[in-house]
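First comes the structure, then the notes that go with it.
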Amino acid sequence: MVVRCGLAAVMMMLMATSGAMAADLRHPVVQGYGAISPVPAASERPDPALRYRVLFSITKAGGSADQVNPALEKVARFLNLLGDDGVRPKPGDVVVIIHGPATPLVTTDAAYGARTKAAKNPNLPLVAALRAAGVSVRVCSQALVGNTIDPAAVAKNVDIDVSALTTMATLQLRGWTLIPD
């Protein structure tokens, strides 16, 4: 009886562990965001010999103030797709520049709440997860002015660039590939 109970406990632990591992397969790099569905038979795959220097331009506001901006989540999906094939960009090689109507997504909870009436900014945990994965998250100072957002209201883990236009031009001239939203 003791052996059966012990065996049953071990089996349950293994099943719980395999379930957790299965969940991680959908989020190999950025946990909880940008879920992927691994397809081992897909023909075009990330190339581990390449250096992935990618610039995401995010201009569109999300559909709902209490949900993560879909364009920002696309960055997490990109990292998870690369990570599924063992490709990990170097820190700073993936850059996000936020501007236009999307600009408020990088504001503090207080500033975001004052603007949108949402209890919290749902984008900030994703910004933190992207930063932890080596992504440089930036906002356009001209868009801050255009959206009447005080630079002091920008989350501390977001860099303020002179402009999205100059950031996009400069990084593309240096070899980054632009992915618009």
Legend entry - Candidates Thr167, Thr108, Thr177, filtered to the one that is touching a strand residue (DSSP E or B) at 6+ places or on another chain (Cβ under 9 Å) and loosely packed, with under 14 Cβ neighbours inside 10 Å: Thr177
Legend entry - Checking Ser37 against (1) modelled with pLDDT of 90 or more; (2) surrounded by 10 or more Cβ atoms within 10 Å (Cβ to Cβ), the condition it does not meet: (2)
Legend entry - the stretch 124-164: number of residues that are assigned to a loop (DSSP other than H, G, I, E, B) and surrounded by 14 or more Cβ atoms within 10 Å (Cβ to Cβ): 8
Legend entry - Positions within the stretch 98-115 being more than 22 Å from Leu171 (Cβ to Cβ) and not in a helix (DSSP H, G or I), in sequence order: Thr107, Thr108
Legend entry - Candidates Ala129, Ala133, Ala153, Ala143 - the one that is within 13 Å of Ser57 (Cβ to Cβ), at pLDDT 95 or above and not hydroxyl-bearing (Ser, Thr, Tyr): Ala143
Inset, instruction - Select from the stretch 124-150 the residues that are touching a Ser or Thr at 6+ places or on another chain (Cβ under 7 Å) and closer than 20 Å to Gly92 by Cα and list them in ascending order. - result: Arg138, Val139, Cys140, Ser141
Legend entry - Answer from Ala155, Ala143 - the residue that is aliphatic (A, V, I, L, M) and closer than 22 Å to Gly32 by Cα: Ala155
Legend entry - Count of residues meeting criterion [part of a loop (DSSP other than H, G, I, E, B) and either buried (at least 19 other Cβ atoms within 10 Å of the Cβ) or without any contact (Cβ under 8 Å) to a residue 12 or more places away in the chain (or both)] in the stretch 66-97: 3
Inset, instruction - Go through (1) part of a helix (DSSP H, G or I); (2) within 13 Å of the chain's Cα centre (by Cα) one by one and return the number of the condition Gly32 breaks. - result: (1)
Legend entry - Residue check, Val54 modelled with pLDDT of 95 or more and in contact with a Lys or Arg (Cβ under 8 Å, 6 or more places away or on another chain): no
Legend entry - Sole exception among (1) in contact with a helix residue (DSSP H, G or I) (Cβ under 8 Å, 6 or more places away or on another chain); (2) part of a loop (DSSP other than H, G, I, E, B); (3) more than 21 Å from Ala169 (Cα to Cα) for Pro40, by number: (1)
Inset, instruction - With respect to Ala118, determine if the residue is touching a residue at least 12 places away in the same chain (Cβ under 8 Å), under 19 Å from Ala155 (Cβ atoms) and assigned to a helix (DSSP H, G or I). - result: no
Inset, instruction - Output the residues belonging to the stretch 102-119 that are farther than 13 Å from Ser64 by Cβ and basic (Lys, Arg). - result: Arg115
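The values are calculated or read from the model by the stated rules, or taken from the named source; none is laboratory data. Bear in mind that the values here come from a model prediction, so they are computed numbers and not experimental data. Cβ atoms come from the backbone with ideal geometry, glycine included; neighbour counts cover every protein chain shown.
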